[in-house]
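Here is the structure we will look at, set down as structure tokens.
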Amino acid sequence: MLFLQPNQKRFLNSLNPLVMVVCVFAVVTIRTTVDPWIPLFSGYWDALFALIVYLGQRRTFVEGGILTLFAGHIYSLSSSAPIGLFVIYYGVIFLVARLLTYVIYANTWLSVLALLVALSLLSRFLLWGIAIGFGHRIFGVAHAADLLGYVVFNGGIGLVIYSFLGTVDRITFKVPRINIEMAEGGF
């Protein structure tokens, strides 16, 4: 890919949001078709969780926000939850992941795994609270074993998805956003 001309690299860079939209459709399709076949993992993974965390960490606010709203709406349409529940849920996860970029920038596998595990733990209780806010009780308070399985499984699957999206960004020449700023002069 190093032999490409600058205009070809810009073209590939402009295709990146389209590739992300295809990834959203693929992940939602996999989640809605695989889940009934493997009931053991039914409540243990969140299909778009890693993608939303990735958007929060590696995209600008506008680009990541638009893709997050799109992903949440598509997932809301394909689920039996109230319309808008997953839009708010993924929006909050995006904002938390976005705010965490000012503290940590997940670029090693260990920091990505720690970020995914921490946000997965938060998201389990966040979804429950948002569902109560909608007047529905989707599920009760999770048992400790269910919560541990959810966090571990989401962290593992999320790490694979996160690294896949990083590879897609390298192929499409998408430059990651970095919040680290150099100070000028003295103290």
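Computed from the coordinates by the stated procedures, all read-outs in this text should not be read as laboratory data. Remember, it's a predicted structure, so these values are computed and weren't measured experimentally. Glycine gets a Cβ as well: all are built from the backbone with ideal geometry, and neighbour counts include every protein chain shown.
Quick one: if the Förster radius is 30 Å, what FRET efficiency do L18 and V152 give, using the C-beta to C-beta distance and rounding to 0.05?
Working: r = 33 Å, r/R0 = 1.09.
Computed FRET efficiency for L18 and V152: 0.35.
Beyond 20 Å, what share of the Cα-Cα pairs of the range 23-130 is found? Please give it as a whole percent.
Details: 2231 of 5778 pairs.
Tail fraction, whole percent: 39.
Write out the trypsin sites (Lys or Arg not before Pro) in the range 67-173 meeting two conditions: DSSP loop, and at most 14 other Cβ atoms within 10 Å of their Cβ. If you can, show how the numbers build up before the last one.
Numbers: sites: R98, R124, R137, R170; in loops: R137.
The qualifying sites are R137.
If R₀ is 22 angstrom, what is the calculated FRET efficiency for the pair S111 and F61, using the beta carbon separation as r and rounding to 0.05? Present the calculation step by step, with values, prior to reporting the outcome.
Values: r = 21 Å, r/R0 = 0.97.
Efficiency at R0 = 22 Å is approximately 0.55.
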Residue-count net charge about D46 - beta-carbon cut-off 12 Å; Lys, Arg +1, Asp, Glu -1:
+1
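Just want the ordering: F134, F3, from fewest to most Cβ atoms lying within 10 Å of their own Cβ.
F3, F134
Loop-only check: which chymotrypsin sites (Phe, Trp or Tyr not before Pro) in the range 31-114 are DSSP coil with at most 10 other Cβ within 10 angstrom? Each step should come with its number before you reach the end.
Details: sites: W37, F41, Y44, W45, F49, Y54, F61, F70, Y75, F86, Y89, Y90, F94, Y102, Y105, W109; in loops: W37, Y44, W45, Y102, Y105.
Answer by residue number: W37, Y102.
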Q5 to S163: FRET efficiency via 1/(1 + (r/R0)^6), r the Cβ-Cβ distance, R0 30 Å, to the nearest 0.05?
0.60
Within the set of other residues whose C-beta is less than 15 Å from the C-beta of T167, count the net charge using Lys and Arg as +1 and Asp and Glu as -1.
+2
